[in-house]
Amino acid sequence: FKQKTAYDIKLTIEKKLKPIDAALQDIVDNSDIRKINLEIANSAFRKIIKKYPVILSIKRSSSKGLLINEIFEKSQAKKLFIDISEKDWFRIPRQSLKSYYGPIIKQDHMNTVIWSKPVKVQNRIDEYKFGGIIAFTIDIKKFLTGIKENFKKPMRCLYNNQVFFTHDWDETKSYVEYPVELNNINIFNVQQNTNQNAPVIDPNKKSAERLK
């Protein structure tokens, strides 16, 4: 049996994340979502959350930055009409018309991340205007726990050098590291222990900052 390398683990994580990213893209590409009919939107959102339980909520905004509605994994949809125009997950897709993959944030016993994509409304031939965003809030730790059978060797995941997921990690061993990417954007990093002992380092340094 051939052990998976850190690069194999990177590819596995990316492969498992891509259908969630594609589901978000499918929503923004759906012409019905561009309408103000909340029931049509909420019905689509519920189906996605049922298919991907790691999604905690789905949000939809107006082009002006008002959060129109949000549906949650375990509660009813809410009509919010809250100003989110200064939030990165609205502001960046509005400016770039590209996907946004946010920072991983620790909340209670979860590690969550917001992904958002711009709704593009065709203005003229080959031209689009910004029509708001659709955003997923994802429990990324729950996602990784759900696929941990793929991790045959000690590994861990980091965002901004902060560890947010570990699997049988061995501090006495060195490691190799690769970025996990979606649409050529680095969303977090994965490290895997090697069979070599870790170098002796300053004990005051964070373990995640070790030289490989």
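We did not get these values from a lab; they are worked out from the coordinates using the rules stated. Note that the coordinates shown come from a computational prediction; the quantities given were computed from them, not determined experimentally. Methodologically, a virtual Cβ is constructed for each residue, glycine included, from the backbone with ideal geometry; neighbour enumeration extends over all protein chains shown.
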Problem - Cβ crowding within 10 Å averaged over residues, with 55-65, 38-48 ranked highest first - result: 55-65, 38-48
Fill in the blank from the handout: Pseudo-spin-label distance THR166 to THR12, built 7 Å along Cα→Cβ, given in nm, is 1.9 nm
Exercise for the section: Please list 174-182, 131-139 highest first by mean number of surrounding beta-carbon atoms within 10 Å per residue. Expected result: 131-139, 174-182
Exercise for the section: Quick one: grab the alpha carbon gyration tensor of segment 52-159, order the square roots of its eigenvalues as a ≥ b ≥ c, and give me rounded if a/c is under 1.5, else prolate or oblate depending on whether a/b is larger than b/c. Expected result: prolate
